[in-house]
Amino acid sequence: MNSSNKHTSFKIDRIESEVLNILNHTLKFIIYDEFLKEVSFTYVKIDSGCTIATIAVDTFNRSNIDKIVTKLNECKGIFRSELAKYMKVWKVPNIIFERDVTIDRAIQIEKALKEDVIVKRTITPRKTTKKTKKTL
């Protein structure tokens, strides 16, 4: 990786961190909605051109996560205007809210590991017979 790629990567990481902090602050102190009370933004991924920011959304009550993501995407203009107030960038990236699938993947992996352990425990090992040495 050359130095310009390192610089660009560091810049994007810094912007992602700043976007995450501003969005979580906006959610807590600017938007007063009981439906969004237990929501948090877990991570931000910005494309290399800094034009699109994909925000991962999670909540304690995961049964409503799709409705929450829809509602957040409907009011993303509020979040974008807050980003414009506090960020020092030429153009504020477009925001896309998505469900955080990290926990879903972790649950799938845990289930697979448990099933693998159960299968291994239910398989009985082969009985080995001792071979006797023949003496001459």
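Quick notes on this structure:
- Net charge contributed by nearby residues that have their C-beta within less than 14 Å of C50 (K/R +1, D/E -1): +2
- Stretching S81 away from I109 to a fully extended chain increases their span by 6.2 nm, per 0.36 nm per residue minus the current alpha-carbon distance.
- At the residue level, V101 shows approximately 50 square angstrom of accessible surface with a 1.4 angstrom probe and all protein chains present.
- Think of region 1-105 as a dipole: +1 on every Lys or Arg Cβ, -1 on every Asp or Glu Cβ, centred on the Cα centre; then among I30, L72, A53, A53 lies furthest on the positive end.
- Qualifying chymotrypsin sites (Phe, Trp or Tyr not before Pro) for region 70-111 [loop in DSSP, other Cβ within 10 Å: at most 11]: W90
- Within region 71-103, trypsin sites (Lys or Arg not before Pro) in DSSP loop having at most 13 other beta-carbon neighbours inside 10 Å: K88, K91
- Formal net charge of residues neighbouring V101 (Cβ-Cβ distance under 13 Å; K, R +1; D, E -1): -1
- Charge tally in the Cβ shell below 12 Å around N73, where Lys, Arg are +1 and Asp, Glu are -1, N73 excluded: +2
- Semi-axis lengths, Å, region 12-68, gyration tensor of Cα atoms, sqrt of 5 times eigenvalues: 22, 13, 8
The values are calculated or read from the model by the stated rules, or taken from the named source; none is laboratory data. Please read these numbers as outputs of a predicted model, since none were measured by experiment. Don't worry about glycine lacking a Cβ; one is built from the backbone with ideal geometry, like all the others, and counts go over all protein chains shown. For accessibility, only protein heavy atoms count, side chains too; no ligands or nucleic acids. Shrake-Rupley method; radii C 1.70, N 1.55, O 1.52, S 1.80 Å.
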